[in-house]
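Asker: First the structure, then my questions, so here it is.
The values are calculated or read from the model by the stated rules, or taken from the named source; none is laboratory data. Note that the coordinates shown come from a computational prediction; the quantities given were computed from them, not determined experimentally. So basically every Cβ, Gly included, is an ideal-geometry build from the backbone, and we count neighbours across all protein chains shown. These accessible areas exclude ligands, DNA and RNA; they are computed on the full protein's heavy atoms, side chains included. Shrake-Rupley method; radii C 1.70, N 1.55, O 1.52, S 1.80 Å.
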Amino acid sequence: MYTRNGEFKLYRMPAEKLEGFKPDVFGIFSKKLSRNRHGLAAFLEKRKNVEVSVSEANTAQGEHPMPRPLGGYDVVITSPPYGDSQTTVAYRQYSRLAAEWIGLPNARKVDKLAMGGQH
């Protein structure tokens, strides 16, 4: 199975196309890594005079980020990208393939193990 460019759904590639499908995964990864590194450098250059406060918390365990800023938060970053696994972000689709590739256990059960996967 593979994803088509610009699409979210997985699909099974026909056997005749699969035989000649040999993407340079490390080359593609290297190019994206280089692009992201340059993007980060450009971002850091632009934000030199910006005040940043970072806090972390395990909200799944009931923790709240402290200290809480008076004006609230501008950005909240979560990992995994929380939502109800059944109806929002196709997290399983993206994480399962990588998890299987590197041999992580329960790779096919991400939807059931993630937030919202069980009642």
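Asker: Being surrounded by 10 or more Cβ atoms within 10 Å (Cβ to Cβ) and assigned to a loop (DSSP other than H, G, I, E, B) is the filter; apply it to region 2-20 and report the residue that is modelled with the lowest pLDDT. Lay out the reasoning, then the answer.
Answerer: First, pick out the residues of region 2-20 that are surrounded by 10 or more Cβ atoms within 10 Å (Cβ to Cβ): 2-4, 8, 10-11, 13, 18.
Subsequent filtering for residues that are assigned to a loop (DSSP other than H, G, I, E, B) retains 4, 8, 13.
On the way: ARG4: 66, PHE8: 61, MET13: 80.
Among them, the one singled out is PHE8.
Asker: Has region 88-102 got at least one residue that is assigned to a helix (DSSP H, G or I), open to solvent by less than 60 Å² (accessible area, probe 1.4 Å), of a type in the set (Gly, Ala, Ser) and at pLDDT below 75?
Answerer: Yes, region 88-102 contains a residue that is assigned to a helix (DSSP H, G or I), open to solvent by less than 60 Å² (accessible area, probe 1.4 Å), of a type in the set (Gly, Ala, Ser) and at pLDDT below 75.
Asker: A follow-up question, please. Is it true that GLU51 is on the phi < 0 side of the Ramachandran plot, exposed (fewer than 10 other Cβ atoms within 10 Å of the Cβ) and either in a helix (DSSP H, G or I) or at pLDDT below 75 (or both)?
Answerer: No, not satisfied.
Asker: A further question on this structure: I'd like the full set of residues that are under 21 Å from the mean Cα position of the chain (by Cα) and either of a type in the set (A, V, I, L, M, F, W, C) or open to solvent by less than 90 Å² (accessible area, probe 1.4 Å) (or both), limited to region 54-68.
Answerer: VAL54, SER55, ALA57, ASN58, THR59, ALA60, listed by residue number.
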